[in-house]
Structure formats: structure tokens, C-alpha cells
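What follows draws every value from the coordinates through simple rules; no lab data is involved. What you see is a predicted model; the values in this text were computed from it and never measured. Here Cβ is always computed from backbone atoms with ideal geometry, including for glycine, and neighbour counts include all displayed protein chains.
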Amino acid sequence: MTSKITRRNFLAIGGLIGCALPFGGCSNLNGVIADRLGAGIPKKVSVTDGAEIDPVFNLLSRAGFGPWPGDVERVREQGVKAWIEEQLEPDKIDDKICDFRTRRFESIFLDPGTCYEFKREALRKDLCRYHLLRSVYSKRQLLESMVEFFSDHFNIYIEKGDCIYLKATDDRSVIRKNALGRFRDLVIGSATSPAMLVYLDGKENRKEGPHGIPNENYARELLELHTLGVDGGYSQKDVYEAARCLTGWRLHSGSNRGTAYFDAALHDDGEKVVLGKKIPSGAGKKDVEMLVDITCNHPSTAKHIAKKLVAHFVSEEPPAGLTKRVAKRFSESGGQIKPMLREILNSFEFNASAGTKLKRPFQYVVSCLRATGADTMAGDPVLEFLTRMGHGPFQYPTPDGYPTEANPWLGTLLWRWNFAFALCSNEVDSANVTLDSLCSAIGLESLHGTQNAPDILFAYFAGRRPSQDESKTFRQYAAHRDLNDEKVRAELIGLILSSPAFQKV
Amino acid sequence: MPAQTRRQFLQRLALRSETLSGASDSTLVCVFLRGGADTLNMFIPYADDTYYKIRPTISIPHPKSGKGSDSSVKLDDFYSLHPKMSAILPVYKEGRLAVVQAVGTDNPTGSHFETQDQMDHGDAFKKTAGGGWLARYLRARFGNNLTPLSAVSIGPILPESLRGAPGASAISSIDEIRIKAPCENPAVVAKVLTDLYNADVGLLSAPGLDTLHLLKRVESLRAIEYKPSQGASYPDSGFARGLREIARLIKADVGLEVACIDLDGWDTHFIQGSVSGLQAGLIETLSDSLAAFDTDLSSRRKQVTTLVITEFGRRSYENGSLGTDHGRGFAAMILGDGVRGGQILGHYPGLNEAKWVLGPAGLEVMFDYRSVLSEVLTKRMALQNSQDVFPGFQPQKIGIVRA
């Protein structure tokens, strides 16, 4: 359920800004506004304490970045299927509160030419903060999850060349625009996206002759990573032919700096054969569309994308049955993303594997901020934790994108624990938590005399009651300690966020 | 990077002994001399008369110049050592220091930034392999599971060579490696986490316990004042303190595989000095620190390899302001057991600069720097295929490591 911003609430925003501005930037202004609009921590939050992870909790943890306080009961009331359908139509979800938090990052909304007027450092921060804040505060959680997925699938490393000036446009016009649309539109958008033309050298790709030679870099990744997959059954000749199709795309300098155009003089307009399909000569810039259709219609692409989606939402070892069903949805719908997501999120496998998949550092940090109902503008201290864990947004150098598997991330636990403790004791500058509000919302106005307080807190964060071992550990910790002491409470909740249970979805 | 299957993962857990699961038995310490070091005044081609002709003011005196402690120290019939490097002489004589002459890049720009960037990324000129070379190594090397301290750089920020490494840390000392518990008693927190990770039946048990184990070791290190072994005496400098922290981490067996540290200030365009002066001070710091590091790690020499590189050497001629301008080839230093030490490897290309057309002149580059890195990674570290770190590059065989 989404709360519409009413006229009265809008006036409330105006009033708040009016009183806050003279004090020169009230740091939790956003938090105050969010509270007024009913997007802070609700007065009452129920806790699910079954032995297994609650399916609604699982859905919110895997289809998005974990529940915000109160989300679980909202979705339960709405119904799981209805929530999924709502999430599949993100434009119909009112997201003004998140927009309000993120609209200050102006470079995100500008064309590349204007971005060139910014310093790299400013652009980098805007991109990272925007990405993080939308993941934390957007009500379009599934969209944000797919944005993360496709940002890795069509990875662009913003430190390469001019990518940093061009990524905002790629994020807006390719990734976000099509993240729940048709897969081929993503591929076509990406193929001619200025950032991708720089990142994988497409702008250097020209027909054999005095002005250059074909550059296969993008064509190879198109087949190997973006569409068919490495074992998808293409040949080196296909890579070369695909590269020929893509010759001639360049970037403007001067007034349209950083926008792409097609230079027919540099395009190889001869006939090409890709994956056994003919692309006739003389098609010019239409070659891209024909090439992308050939690759997207290849059965290997359906399998490859299905497998990656299932790995993202279910398990790094995608169950074969589900993968097959999802690939079928891809093929029968002409590569529509929504039917695939519907298949995954409503599947048996989606629930059966709850709590077995390691959160990557980004998801971990975002889920901590969401679960605690934190008020943050994602300043440097938050981003530094991500960098330290090797998961800064758009900072992955190679085109395969940040890995999905758990293994490469197993060395990050220490920094996760330190993030949890720092967040809970309000030591992360630029992120504020109010653990007392959270505790009273889940019925722990006072932690005194509530022997099972640690169990209740654990259940709130983990979506299930603690196992005997877990319960014993936390009770031992809590015995002889004053849980109403601010530091002790911060430590206890920090420990819950540090526990194996909260590392996984 | 091939996806690791659950079975492989479990198999590895089963094979795991008492050591940390990510712990490696080899450690690479990368020292980068930022600014372009004039290695011609460190390893002096004293038998080449041209050297003295074209460096009338800044050359280092011939071993037989009769200038006492100002004379360079003879290494062989051709090369001698800067007198301020005498601390490293025993290491060289005992065969643990190999020097490769005329190493460099194909970068013709003469730009510090571009050349350092290219080298940190392990690239060819204008060809991007993606990320840092050490990060690619960590992702490609056998096993591939890392501890929080697999990769460390000493200083405020991570160098580009570690760009893309999962969980690399920039620290100034091991004091930063701790759990910052809100109630200020990390032992209490560690106990709770130990119980929790012990009880985890999934994939997190081993890495969680490893991390806690590692923290315990670092904690016990912190409790006692660090005493370098064998009476090693580090000079009083930030660089030496950094090496000392690296030695401490190596001896703590926390799984350190790659450590990066910089020594800045080598851009000696102006009054470079000779036996004393600007560069001599740096040379002394470098040599004294490396010698102390070698002594301190005398029980770990099999495990540790130290690589000393710079972005380019300098011009063979001294310039009008008694310094040297940006050049090309430089002498790389590799320290550790198992290197073909006690000699200057590679060909001396001579000081004739005329044949250089592209970019700044200087010592002609005989070995691409990636040949050095590649040999160190494949022969002293756990890299199986050089292509995983330097795609498309065919390394030349140098023979730094004894067969």
C-alpha cells in the first residue's frame, strides 16, 4: 500500500522547509518530513516469529532490499501476489518521498554535455548517493533490485575514460527506463549508449580502411556477457561479424558533447552473417537492431538471462526446473522481463531457499539502513564502508559486473560488523538511527524485565524466531546487562545485524 | 572467474587445516617509488665512461676514485652501488636481492600520472585490461577465498593496483584492524559472534570464525609492543614504519598476500644531488628500510617477495639545473629467497639516447615491466596463468627466480 501525498502533507512540507531553512540545513529535515508523511518508523510494528523465515519477509528481502519497519504487515494485508503486481508497475507507485530525498543530485538528471561542466568527484558522489538512496527509500523496491541487476549485467566502470560524464544518462535512459521492460530494448539502448561506447571502445569501432579497423571489444561482450553467454554457441567469426555491424557509432564533441551519432562513412555496410542469420548490405544504422534481434532471439540468450535472474533472486546455483520455466517465459513473451519476474517471485523455489543466499555488501548496508529505519543522506562515511568492502556503485572495472556468488565476498565480514556497530551507535556520520522508536514500535518500550527482548528483536530483524543456539547466545549476552542503556542496546542490535542470519536472504 | 560450486566449496572446507582458509603461503610486498626514480645513480654503470661525461655534477664517484666513503661500492666489473645504499649490500651479496636493468613501459607520454596509472593497472599503453593488476591477481589466483587482510595498502587510500579487489584495506597501522564495539569491550562482542558463527550451518561459519581468529591474533599483537626480530633497526620515517607494520602482519599470519606501500619524492628535476643531497636522502631511507625489513623477516624469507618499481627512470644526461628529467628504463629490485640475487640481470643498453624517437629518451627499455610482474606472480606467488592478469601480453623470460 502506498501513501499518497495529500495536499495537506504538501503544505506540511512547505511549512517545515520554511522553518528549517533559516537554520542553515537541518540535518534530519528529510527524516522529519518522512515522519510527517507516514514514511518514518510507524508507531506499531508486529514481529513474525515462526521457526522458518516468513514468506513475506523473504519476498521483501529478495525482491527488494529488505523490509522497512512496518512493510511486512503492509504487504501481508495487501497480499503477496498483489504486492508483486504492484511492484511490476512501478510508475503507478507514488515515490515522492524518495524523489524528495534524491532530487538534489542534479547531475543525475542532466544530459552528458552539461555533466562535462561538473568535476568528476561531484559526479561520482551524485551517482553513488543517488543509487544508494533510491535503494534505501524507494517504494519501487523491485525496480531498484532490477536496476542493481542490470547495472551489473551491463556493467560500466565510471573511472574509465569519460564514462563518469555519461553514466547518469545510461542509468536514466537505458537501465531504469527498461529494467522492467523488454530485454532487447535494454540491449539496443546499451549498444548505442554513450557510456557503453566509451567503456567497451565502441566509439573506436570502424570499418577496415584508412580511418581504422573494427574493434571487437563490445561485440565480444555483447555475445559473451550480455546475451548468449560464454557457452552460448557463437564463434569467433560471429564476434567479428557483430563488430562489423556496430562500426560507425561515434560521440559528438562540441555542443552536443557526449551524445552518440552514426557516421555512415565509418560503417561497414557490406553483408554480414551472425549466428547463421544474414544481415543484408546497405542497412546502415539499422544493423544494430537486426544484430540485437538475432542475438536476443537466440535460445541461448533466454537460458542465459533466466539463469542469471534466478541466481540473483534465488540461489547462486540456479535450480534447473525454475531456470527452464523462466527461460520459457522469456521466449514466449519475446524477452519481456515482467513474466520472468512473476515466475520467479511466485515460485516454490523462491521460498524454499529463503535464508541461504549471502547478501552482497551493498545489499547488506542498504538492508541495515532499511531495517533500522535510518535517516541518511548517504554521505561519504556510508560510501566509505562500501568502498572498503569492495562494492562501491559503478566501481567494478571489468565488464562482467560485480560477482553474484558468495565466495568473493566472504572476506568482508569484519567491515560488515563494524558498519552494524557504527550505525547502531550513531557513529556513521550522515546516518541516524532512533533505536528507541524502533524498540517501542515492536512493543519493547522498555527492555527491562522483558526476558525475551533479545528474541523479539532478533525475530524482527531476521523474519523468524531465533534458533535455540541463537536464542541462548543473545540471552547470555543480555543477562546482567542493562538493555535500556543506549550503548548496550546499540551493541545488542549491532550484534543481531552482525549475526549470520542477517548476512543472508 | 569461474563460478565456484557449492561442492567445490565444501571440499575446500574439508581440506582446510588449522590455518586460515584464505591464508596464503606467499606474500608480495610492492614498493612503488612515485615520481620516477633515477636508478642510474643507485646502480651505477661505473665502467661506462659516458656516464661520467654526461653527468659531470651529479654522478656518483667511481669505486676507485679514492674519495673514501664518497666512492660508490663495487658490485662487479661494471656496476657499483650508491654509498648511501650500503645497508642493502649484505642482502645483495647473500643473494636475496636481484636487480633487473632497463625495465619500463611502452608509455611515451612522459607523464607521471599516465604512466603510474598504466602500471598500477598492469596495462599496455592505451589498452585497458580493467582494474588493478594486483586485484586481477587476487581474483585469478588459485583458491580465491580471501580474508579481510588478504590485501592491504599502507596509507590513506587504496592504490589503483588494488582497484577491484574484494575487501582490500587501506590502513596506516594494525591498530585499525579491530571490532569497534559500542560498549568498548571487543572481547564480549567477539564471544557472541564466535557462538553465532560457530552455530551457522551454512557457508558463513568458516569465514566468520576465520575473521574472529584473525582479530584475536591482531589483538594479541597489539597488546605487546612490537620488537623487530634479529635486532632489525628501522629508520625513523613513515616509509619504514609502514614496512614495519607489514612485517608485523606477515609474522602474525593473518593471511596477508599483497601489501602496497609508496615512497614519494623521486621527481628530481632540480638539484638532485650526488653522494648527498635530495636523492641521496631518499636512497638511504629506501635502502635502510629494506635492509631492516629483510632482517626483521629473516624467518619468513621463503614466503615474502618484495618488489621495488617506479614509473620511469630518468634521462641519462643531467639537465641545466643539476637534476634529471623524465626518462624511460629503470632498474627494478626484487628481494626474497629464491631470486637470482647478487647480480644485475638483463642487458645494459648503453646511454646513447639518439635512437629514441617517441617520447622522452633515457635508458632504453629492454624488458616490459609486465614481464617482471608476471614472473614474480607465477614463480613466487600462486598465479597459474599469466594471461589472467596480463591478458594478451606475452612475457619475456628474465630469470629473476631461480629455477
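According to the square roots a ≥ b ≥ c of the eigenvalues of the Cα gyration tensor, what is the shape class of segment A:102-221, taking rounded for a/c under 1.5, prolate for a/b larger than b/c otherwise, and oblate for the remainder?
Oblate.
Could you work out, residue by residue across B:181-188, how many beta carbons of other chains sit within 10 Å of that residue's beta carbon, and then give the average as an integer?
6
Do any GluC sites (Glu not before Pro) in segment A:180-217 lie in a loop, going by DSSP, with at most 13 other beta-carbon atoms within 10 Å of their beta carbon, and if so which?
For GluC sites (Glu not before Pro) across segment A:180-217 that sit outside H, G, I, E and B with at most 13 neighbouring Cβ atoms in 10 Å, the list reads A:E208.
Would you pull out the residues with amide H under 5 Å of B:S153's amide H, same chain only if 5 or more places away, H placed 1.01 Å from N?
Residues meeting the amide H criterion: B:S169, B:A170, B:I171, B:C260.
Lysine pairs in segment A:187-297 8 or more apart or on different chains: how many have alpha carbons under 17 angstrom apart?
So the count of such lysine pairs works out to 13.
Just tell me how shielded A:495-501 is by partners: mean number of partner chain Cβ atoms within 10 Å of each residue's Cβ, no decimals.
That works out to 6 on average.
With Rg and the Kirkwood Rh both taken from Cα atoms, where does Rg over Rh land for segment A:343-450?
Checking Rg against Rh, the ratio lands at 1.04.
Cross-link candidates for B:K191: which lysines have Cα within less than 27 Å, leaving aside residues fewer than 8 places away along the same chain?
A:K357, A:K359, A:K472, A:K487, A:K504, B:K180, B:K216, B:K251
I want the local charge near A:S471. Using Cβ-Cβ distances under 14 Å, sum +1 for each Lys or Arg and -1 for each Asp or Glu among the other residues.
-1
Classify segment B:271-403 from the C-alpha gyration tensor, please: rounded if a/c falls under 1.5, else prolate or oblate depending on whether a/b exceeds b/c.
Because a/c hits 1.5 or more and a/b fails to exceed b/c, segment B:271-403 counts as oblate.
Rg/Rh for segment A:299-352 to two decimals, with Rh computed the Kirkwood way over all alpha-carbon pairs.
Ratio of gyration radius to Kirkwood radius for segment A:299-352: 0.92.
5 Å is the cut-off here: which amide hydrogens, built 1.01 Å from N in the peptide plane, fall below it relative to B:T310, excluding neighbours closer than 5 in sequence?
HN-HN under 5 Å from B:T310: B:L33.
Below 13 angstrom from the Cβ of A:S46, what's the summed charge of the other residues (Lys, Arg +1; Asp, Glu -1)?
Cβ neighbours under 13 Å give a net charge of -1.
Along its principal axes, what span do the Cα atoms of chain A show, with the longest given first and each in whole Å?
Here the Cα extents, ordered largest to smallest, are 81, 57, 42 Å.
Per residue of segment A:251-268, what does 6.51 cos²θ - 1.76 cosθ + 1.60 with θ = phi - 60° give for ³J(HN,Hα)? Whole Hz please, x for Gly and Pro, Karplus curve as stated.
Listing the rounded values in order: 10, 5, 10, x, 5, 8, 2, x, 9, 8, 8, 9, 9, 4, 5, 9, 8, 7 Hz.
Within 10 Å of each Cβ in B:198-205, how many Cβ atoms from other chains are there, averaged over the peptide?
6
Take the alpha carbon atoms of segment A:240-284, find their center, do the same for segment A:404-482, and report the distance between the two centers in whole angstrom.
After rounding, the separation between the Cα centres reads 55 Å.
At what distance in nm do the modelled label points of A:E117 and B:L89 sit from each other, each positioned 7 Å from its Cα along Cα→Cβ?
Here the answer is 6.5 nm between the modelled labels.
How high is the FRET efficiency between A:Q451 and B:Q387 when r is their beta carbon distance and R₀ equals 45 Å, given to the nearest 0.05?
For A:Q451 and B:Q387, the calculated efficiency is 0.15.
Two-decimal Rg/Rh of segment A:187-297 from alpha-carbon positions, Kirkwood Rh?
Reported Rg/Rh (Cα atoms, Kirkwood Rh): 0.95.
Over all pairs of distinct alpha carbons, what does the Kirkwood formula give as the hydrodynamic radius of chain B, in Å?
22.2
What is the dipole size for segment B:17-135, taken about its Cα centre, with +1 at each Lys and Arg Cβ and -1 at each Asp and Glu Cβ, in debye to the nearest 20?
480
Calculate how large, on average over all directions, the projected area of the Cα convex hull of segment B:100-145 is; give the answer in nm² to one decimal.
The number I arrive at for segment B:100-145 is 4.2 nm².
What are the residues whose amide H is under 5 Å from the amide H of A:N432, where those residues sit 5 or more places off or on another chain and H is modelled from the backbone?
Amide H to amide H, under 5 Å and 5 or more residues apart or across chains, A:N432 pairs with A:D375, A:T376.
Report, to two decimal places, the Cα Rg of the protein assembly as shown normalised by 2.2 N^0.38 Å (N = number of residues).
The value comes to 1.01.
What helices does chain B hold that run 24 Å or longer along their axis, going by alpha-carbon atoms, with a Kyte-Doolittle average of -0.5 or more, using DSSP H for the helix calls?
In chain B, the long hydrophobic H runs are B:205-223, B:278-296.
For the protein assembly as shown, what proportion of DSSP beta bridges, expressed in % and rounded to the nearest 5, is antiparallel?
Around 50 percent of the beta bridges assigned by DSSP in the protein assembly as shown are antiparallel ones.
I want the local charge near B:S289. Using Cβ-Cβ distances under 11 Å, sum +1 for each Lys or Arg and -1 for each Asp or Glu among the other residues.
Value of the local net charge: -3.
Work out which GluC sites (Glu not before Pro) in chain B are exposed loop sites (DSSP not H, G, I, E or B, at most 16 other Cβ within 10 Å) and give the longest gap free of them.
Between exposed loop sites, the widest span is B:226-403.
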